[in-house]
Amino acid sequence: MKRLLLLISFLCGFMTAGAKVSHLLPMPQKITTNESASPFQLGRAVSITDANNTWLLKQVFLDNGCTISNSASAKVEVVMMRSLGTFNHNVAEFPDEGYKLSVSENNIQIQATTKVGVIRAAQTLQQLAEGYDGTAAIEAVEITDYPAFKVRGWMHDVGRSFVTIDEIEKEIRLMSRFKINVFHWHFTENQAWRFEVKAYPQLTSSSSMARFAGKYYTQEQCRYIDSIAALYGVTIIPEIDMPGHSEAFTRAMGFSMQTDQGVAVLKTVLEEACGVFKNAPYIHIGGDEVQITYSNFLSIMSQVIKNKGKKVICWNRLLSGPPSSSYCDMTQMWASSGSAISGIPNIDCRYNYTNHFDVFADLVGMFKSNIYYQQRGTTEAAGFISAPWNDRKTPTQDDIIAQNNVYAVTIATGWRAWRGGGKQYVEKGGTTLPNNGEEYEEFKDFENRFLFHKAHSLSTCPIPYVKQTNVRWRITDPFPNGGNASAKFPPETYQGDILPETFTYQGTTYNSAMATGAGIYLNHTWGNNTVPTFYGNTVPSTNQTAYAWTYVYSPVAQQVGAQIEFYNYGRSETDRAPEAGKWDRYGSDIWLNGTRIAPPVWNNTGVNIGREVDLKNENFPARSPILVNLNQGWNKVFIKLPYNPDGTQRLKKWLFTFVLTDPTGTTAIDGLTYSPGQYLEEAAQLLAAALTDARNTRNSIVGIDPGFYPTEAAAALDAVIAEVESTLTEELGEERRAEQVAQVNAAIEAFKTAYKSYQQIMQPKASNSDTTFYYYLHTPLRENRYATSQGAGNAMVGNTSASEASKWYFRKRTDGTYDIINSDGTYVSPNSSYNTALTTTTSQPSSGWTLKPADETGFVIITNGTVEFNQTNNSTLGYRVYNWGNGTNTSDTGCKYRVELVDIVTTEISGLNVEKRIAEVEEALATFDISEELGYYSPAEATKLKNTLNSIRDALNNGATDYADMITSIDEAFTYFKENGLNMPKVSTADSIFIYSMNTPLRDSKYLTSQGVGSGLMGTTASGNYSQKWKFLLRNDGTLDIVNIADNSYVSPSAAHNTQVTTSATSPGAGWTLKPANESGYFIITSGEAQLNQTNGGLGYKIYNWGDGTNTSDTGCKYKIVAVESIATLIEALIDGASTQPAYFSIDGRQIPQPQQGVNIVREKGITRKVLIR
């Protein structure tokens, strides 16, 4: 008990001392707290020694009740250093911001190399002093801090809108607290010109403005902002966009920018701008979205700015392509087409267009994402700017800030740019918050810090973001609704207390998976193929319905606010508002405890909201929450999500938002538990999330569709899931739950490592005379083109939409490969030269196709030896399907195919069909060579198949009519025979040893021979030596180890292609498979793409890795495997002879120099006995 009380005391003390450190945002790069030391108390006299006379540093102490006195005992000292030894990538005109901060009871020391570094330290002190009820203090800490990226900014598009000077000053003051250091001021647009030009006052005349007429910024106001920004360490980037986005200029001047008159005016404009923004090192001149017809326009404008001692920024890309570094010193990349220009810094603005963002999910995407594929800044990766473009008019500047979530997104991305890291760029990482793990914990930490500041320094700002990391959902696979958004599916009609995780509808199983967050995308604004969402990176088909649900536990009955949204109206689009009584135009709906939650009354009901029509209450930040009543205990939230766009949306996003807040929508309700499984214990909820991640991982790899792996591959993971899941309703405590989460995560990692040892992926269903299984062969990662026949003798082509000619079926050949046949009856021919189009033919090709795993699960490569399907992406090639990839390319997006079942056609079955199928199988059976020898098909198995056929024939003759079952039984029996009837070598065990020789009668009759552990394998003439004798051991994945009898070495498959195969002392990482060659009685011996090949005398009869794992015809690949001895005859041979010297043998028959632990066979003076040595 004493120990427990001490622990509680320690924790309470730590929480008090560490409360403000835990709210630092962004979190410093390195921080050490001293819990036992007294903090630096504020509200007293302090002396400040600072050669820079940093205004903000003084202001921090004045704002916290301090007075400045040179004689004060409490001291603040700034020490300027030549170097701090911290990271500092070079971006011209952006100084080193690194600092070191040391705080003790009466002393604060700041070390920095620049005045801006001192400002950053002051901003950290400002946060450490924030949020105290009484007299503030600064904890005893040691901090080393610096940014990963130099540019961390936000923008206001005041050309299309207007934000007051007071608001801009407020934002600079507040954003800079979080080390946001750039304000991009986009002054000019088609709608209005907002920067005062003394020489041309008509530019800011009311008559030239189409929106917010008469509103602009005087040069005096601009100088003020420029000077204020410098005090906070913020760089202003003024933008005069040219020559595009300039209709306001043309209205004012009567001529366009791309005239001699226009160029003359712009030179004056830029000269005045350079004079006003004295602290701004760069002037932005735009350049985008217009055809530049005036010769050297951007170079001329650039030179004006450079003559004034400043540098130039342009948008990237321009209509003509990327800008040139000859006139541009820095680029601002926008949209996915903007790519970094070598040799100059580039700002990442590509996906950070907040005018397209929702409040919750896109913020997650920006937070998780690294900055332009980099972990920290480089000479070419400068940082980011978050940009809300206001193509569509909004009533107030608060609407601009709230609906674009300006503070939350900028500060979240600012965390990433200051801290660095980010596992993936948003193009790969997407917008989905993981249910647990490192990314979840980091985001949860950020969220806690941000919400603290929202309640303090940001409390007067319109910020719609509230806590979402505790909001858990289950979301189903989408059900096909046939265009009927009101159609009901099993989740909607289920009557039980807790919805299950899977549903069956029309014979198909629909799963659900867990999601975390208040906003979830199912299809992103820019499409899942650009930014992945809950459904991954595949764009979902329309006319589907998904469902989401959770259960909310409330400790008391209470009225709360519900923030609900189903279609986020972007601030750039012209979408139509919902009709009265509808939540959106897709048909979405929501129920609480079985009662529908009605939507608000829309201010723009049914209106096509053009860009000059005010966006009003369509998005939840612009309206009050809907008041709902929670029962005490569990409350069911059920959401229906049809994806039935009605044609009034350009960007077919699919998403939902739901979170419960106070009635004003300011904060999330404390004390609620969101759990789709009704788990009150938070630790159990995290475990349920880990189990969901385990299932998601499993289901992304294991499945019934071609390209996925069989269920057996997940057996170990499935066992762990079942074991752990059975405890979810128990109260086990946080420690045990943490152990279980670790157990599940370990099982996931083990599964991800092991599943590829299952060399055979799932294959397409083979068609027969009774049933045809039609598939699409398409390339989702290369323009999602569908392989399509153009008729016999013509090239296959990839079309962007599927047609009847895009349907293919697979027919199994006797060697296990496939004929691929189109619905028009033509076969895909492998007889095309390398890098030419594949064609179709009316006759069956001489060899078939094989489907192998691509480097991404769920995709296959389609090969025939060195021939391979490849979808071209070149219009000059007519998007034909080429032979390209050498049969081994698993990574090229044009080689990676999805094989999607689209139709099943069944012939009406009668007794004649059964007779026909029996006859077909009997005819096929006659082509198999039957013998007891290895490599032939077993007489016993052939007899079993014949008996099955005769039994079915007898049943048919006796009047049985279950024809479909009969045909199924025939096919199953024939399949079993083909897969299991081949005579294979016996596998040795601890009790029974079976020994074989392997030779190539068709290639010089050489015998596979070990030269010792670690040596290369050879083919030698028959000698009877045990170096030519081998046994087979079964591995866990069903493959084989091949082990030599003489030296116990293992044949290793690790040799590179066309090099000598060697042996190893231990079981290799992958095993071997014996497959029938193209001639009865022979095997090919493969391990993935490795294959044993007996070379000829020119290579010294070495055994090479050659044949790609598929060569069944080369004489050096065709092995005869012959049983030579059993363990009994082997021992007799070893112990035979008149020697009187003791001889020692292992239990598997190897002669050994000395007895070893375990069972030994000893022969001495004609007597043989077993000896056990412990």
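The values are calculated or read from the model by the stated rules, or taken from the named source; none is laboratory data. The structure displayed is predicted, hence computed values, not measured ones. Positions of Cβ are backbone-derived with ideal geometry, glycine not excepted, and every protein chain shown enters the neighbour counts.
Among residues of region 124-145 that are in contact (Cβ under 8 Å) with a residue 24 or more places away in the chain, none has a Cβ under 6 angstrom from a residue that is among the aromatic types (Phe, Trp, Tyr) and in a loop (DSSP other than H, G, I, E, B) at a sequence gap of 6+ or on a separate chain. For region 434-450, a tally of residues being touching a Lys or Arg at 6+ places or on another chain (Cβ under 8 Å) and touching a residue at least 40 places away in the same chain (Cβ under 8 Å) returns 3.
Taken over region 587-644, the criterion of being without any contact (Cβ under 8 Å) to a residue 24 or more places away in the chain, among the charged types (D, E, K, R) and closer than 23 Å to ASN355 by Cα is satisfied by ARG623 alone.
For region 990-1004, indicate whether the set of residues that are of a type in the set (S, T, N, Q), on the phi > 0 side of the Ramachandran plot and in the same structural domain as PHE1032 (by TED's automatic domain parsing) is non-empty.
In the first step, residues of region 990-1004 are kept if they are of a type in the set (S, T, N, Q); the result is 992, 997, 999-1000.
Subset that is on the phi > 0 side of the Ramachandran plot: none.
Within region 990-1004 (the criterion being of a type in the set (S, T, N, Q), on the phi > 0 side of the Ramachandran plot and in the same structural domain as PHE1032 (by TED's automatic domain parsing)), the answer is no, since none of the residues qualifies.
Output the number of the condition that THR1063 fails; it satisfies all remaining conditions of (1) over 23 Å from GLY1012 (Cβ atoms); (2) part of a strand (DSSP E or B); (3) of a type outside the set (D, E, K, R). Going through (1) over 23 Å from GLY1012 (Cβ atoms); (2) part of a strand (DSSP E or B); (3) of a type outside the set (D, E, K, R) one by one, THR1063 breaks only (1).
Taking the criterion of being in a loop (DSSP other than H, G, I, E, B), more than 43 Å from the chain's Cα centre (by Cα) and not polar (S, T, N, Q), the residues of region 1019-1047 that qualify are ALA1022, GLY1024, LYS1029, ILE1045, ALA1046, ASP1047. Just wondering, is there one or more residues in region 347-362 that are surrounded by fewer than 23 Cβ atoms within 10 Å (Cβ to Cβ) and of a type in the set (D, E, K, R)? For region 347-362, residues surrounded by fewer than 23 Cβ atoms within 10 Å (Cβ to Cβ) and of a type in the set (D, E, K, R): present. On the stretch given as region 625-643, residues that are part of a loop (DSSP other than H, G, I, E, B) and surrounded by fewer than 19 Cβ atoms within 10 Å (Cβ to Cβ) total 2. If you go through region 504-524 and keep only what is at pLDDT 95 or above and among the aromatic types (Phe, Trp, Tyr), you end up with just TYR521.
Residues checked against (1) surrounded by fewer than 20 Cβ atoms within 10 Å (Cβ to Cβ); (2) among the small types (Gly, Ala, Ser); (3) touching a strand residue (DSSP E or B) at 6+ places or on another chain (Cβ under 6 Å); (4) touching a residue at least 24 places away in the same chain (Cβ under 8 Å):
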residue: VAL659; (1), (2), (3), (4): no, no, yes, yes
residue: ARG698; (1), (2), (3), (4): no, no, no, yes
residue: GLY703; (1), (2), (3), (4): yes, yes, no, yes
residue: GLY707; (1), (2), (3), (4): no, yes, yes, yes
residue: SER726; (1), (2), (3), (4): yes, yes, no, no
residue: ARG737; (1), (2), (3), (4): no, no, no, yes
residue: ALA746; (1), (2), (3), (4): yes, yes, no, no
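Checking GLU868 against (1) touching a strand residue (DSSP E or B) at 6+ places or on another chain (Cβ under 9 Å); (2) assigned by TED's automatic domain parsing to the domain that holds ASP962; (3) acidic (Asp, Glu), which single condition isn't satisfied? The failed condition is (2). Here GLN763 meets the list (1) loosely packed, with under 14 Cβ neighbours inside 10 Å; (2) touching a strand residue (DSSP E or B) at 6+ places or on another chain (Cβ under 9 Å) almost entirely, failing just condition (1).
The rows are residues; the columns are (1) touching a residue at least 12 places away in the same chain (Cβ under 8 Å); (2) of a type in the set (Ser, Thr, Tyr).
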position	(1), (2)
PRO201	no, no
ALA213	yes, no
SER246	yes, yes
GLU272	yes, no
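Considering region 15-30 alone, what residues qualify as being surrounded by fewer than 17 Cβ atoms within 10 Å (Cβ to Cβ) and at pLDDT below 95?
Answer for region 15-30, where residues must be surrounded by fewer than 17 Cβ atoms within 10 Å (Cβ to Cβ) and at pLDDT below 95: MET15, THR16, GLY18, ALA19, SER22.
Looking at region 1008-1018, is at least one residue part of a strand (DSSP E or B), touching a residue at least 40 places away in the same chain (Cβ under 8 Å) and over 48 Å from the mean Cα position of the chain (by Cα)? First the steps, then the outcome.
Just the residues of region 1008-1018 that are part of a strand (DSSP E or B), to begin with: 1008-1009, 1016, 1018.
Next cut, touching a residue at least 40 places away in the same chain (Cβ under 8 Å) only: 1008, 1016, 1018.
Then drop every residue that is not over 48 Å from the mean Cα position of the chain (by Cα), which leaves none.
Scanning region 1008-1018 turns up no residue that is part of a strand (DSSP E or B), touching a residue at least 40 places away in the same chain (Cβ under 8 Å) and over 48 Å from the mean Cα position of the chain (by Cα).
For region 968-998, the candidate set comprises residues that are modelled with pLDDT of 85 or more and among the aliphatic types (A, V, I, L, M); within that set, the residue that is surrounded by the fewest Cβ atoms within 10 Å (Cβ to Cβ) is VAL987.
Is it true that some residue in region 252-266 is in contact with an Asp or Glu (Cβ under 9 Å, 6 or more places away or on another chain) and loosely packed, with under 15 Cβ neighbours inside 10 Å? No, the conditions are met nowhere in region 252-266. For region 456-483, the candidate set comprises residues that are surrounded by fewer than 22 Cβ atoms within 10 Å (Cβ to Cβ) and polar (S, T, N, Q); within that set, the residue that is farthest from ILE168 (Cα to Cα) is ASN481.
What is the residue count in region 569-591 for residues that are out of contact with any Gly (no Cβ under 8 Å at 6 or more places or on another chain) and within 19 Å of ILE400 (Cα to Cα)? Give the derivation first.
The first filter runs over region 569-591 and keeps only residues out of contact with any Gly (no Cβ under 8 Å at 6 or more places or on another chain), leaving 569-573, 575, 581-591.
Retained after the next criterion (residues that are within 19 Å of ILE400 (Cα to Cα)): 569-573, 575.
Here the count works out to 6.
The set of residues in region 729-781 that are among the aromatic types (Phe, Trp, Tyr), over 29 Å from LYS916 (Cα atoms) and in a strand (DSSP E or B) contains only TYR776.
Going through region 270-283 one residue at a time, which ones are under 16 Å from LEU203 (Cα atoms) and crowded, with 23+ Cβ neighbours inside 10 Å?
From region 270-283, those under 16 Å from LEU203 (Cα atoms) are 270-273; that's our starting set.
Residues satisfying the conditions are LEU270, ALA273.
Checking each residue of region 375-387 against the condition of being part of a helix (DSSP H, G or I), surrounded by fewer than 23 Cβ atoms within 10 Å (Cβ to Cβ) and in the same structural domain as ASP157 (by TED's automatic domain parsing) gives no match. What are the pairs, 6+ residues apart or on separate chains, where a residue within region 11-28 that is in a helix (DSSP H, G or I) has its Cβ under 8 Å from a residue that is of a type in the set (Lys, Arg) and at pLDDT 95 or above? Here the result reads SER22/ARG449; HIS23/ARG449, each pair linking region 11-28 to a residue that is of a type in the set (Lys, Arg) and at pLDDT 95 or above. Within region 528-570, the set of residues being over 23 Å from PRO491 (Cα atoms), touching an Asp or Glu at 6+ places or on another chain (Cβ under 9 Å) and buried (at least 19 other Cβ atoms within 10 Å of the Cβ) comprises VAL531, PRO532, VAL560, GLY561, ASN568, TYR569, GLY570. Summed over region 1087-1113, residues that are of a type in the set (Val, Ile, Thr), within 30 Å of ILE930 (Cβ to Cβ) and at pLDDT 95 or above total 0.
Entry remark, region 689-720: residues being in a helix (DSSP H, G or I) and either touching a Leu at 6+ places or on another chain (Cβ under 6 Å) or not aliphatic (A, V, I, L, M) (or both) number 10 in total.
May I ask you to verify whether ARG953 is of a type in the set (D, E, K, R) and either surrounded by 19 or more Cβ atoms within 10 Å (Cβ to Cβ) or in a strand (DSSP E or B) (or both)? No; evaluated as a whole, the condition is false for this residue.
Candidates in region 865-902 are the residues that are in contact (Cβ under 8 Å) with a residue 24 or more places away in the chain and among the charged types (D, E, K, R); of these, the one that is surrounded by the fewest Cβ atoms within 10 Å (Cβ to Cβ) is GLU900.
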